[in-house]
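The values are calculated or read from the model by the stated rules, or taken from the named source; none is laboratory data. In this text the structure is predicted, and so the values were computed from the model without any measurement. Heads up, the Cβs are rebuilt from the backbone with ideal geometry, glycines too, and the neighbour counts pull from every protein chain shown. For accessibility, only protein heavy atoms count, side chains too; no ligands or nucleic acids. Shrake-Rupley method; radii C 1.70, N 1.55, O 1.52, S 1.80 Å.
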Amino acid sequence: VCDTGDQQTTAAVLVKEPAATIVEKLKDVTSYEGEDAVFECRLSRETSQDAQWFLGDVPLQSNEMNEIRVQGTRHTLILRKVTLEDCGSISFKVGQHTSAA
């Protein structure tokens, strides 16, 4: 705001977050039934953008079977005690970027 007494003008500032990119892609994992499978992905920057993990086309949430962690730019998915039904494609998406293993 700029106020001279008889005149006033206002303006706003809008700051946009630059898009994060995937700098360390997912790697294929082979696990025995009953073991945990760990997938990691690293981004170019910390971001508030929505990041999502998928098993096939199914979005994953943190629960007793899946643990999702974010530590700075590192995003980790742990599939607990995998079974043969867990075989398939894991993907990680942030903004317009995707990595799969």
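Scanning region 1-20 for residues that are assigned to a strand (DSSP E or B) and either in contact with a Pro (Cβ under 8 Å, 6 or more places away or on another chain) or not hydroxyl-bearing (Ser, Thr, Tyr) (or both), which turns out nearest to residue 52 (Cα to Cα)?
Step by step, filter region 1-20, then rank; the result is 2.
Here are 29, 23: which of them is closer than 18 Å to residue 98 by Cβ, of a type in the set (Val, Ile, Thr), assigned to a strand (DSSP E or B) and at pLDDT 90 or above? Give the steps one after another, and end with the answer.
Values: 29 fails: assigned to a strand (DSSP E or B).
Only one candidate passes the filter, namely 23.
Could you tell me how many of the residues in region 61-101 are within 17 Å of residue 32 (Cα to Cα), among the hydrophobic types (A, V, I, L, M, F, W, C) and open to solvent by 60 Å² or more (accessible area, probe 1.4 Å)?
Of the residues in region 61-101, 3 are within 17 Å of residue 32 (Cα to Cα), among the hydrophobic types (A, V, I, L, M, F, W, C) and open to solvent by 60 Å² or more (accessible area, probe 1.4 Å).
Can you pull out the residues in region 36-60 that are open to solvent by 50 Å² or more (accessible area, probe 1.4 Å) and among the aromatic types (Phe, Trp, Tyr)?
Listed by number, the list is empty, since nothing qualifies.
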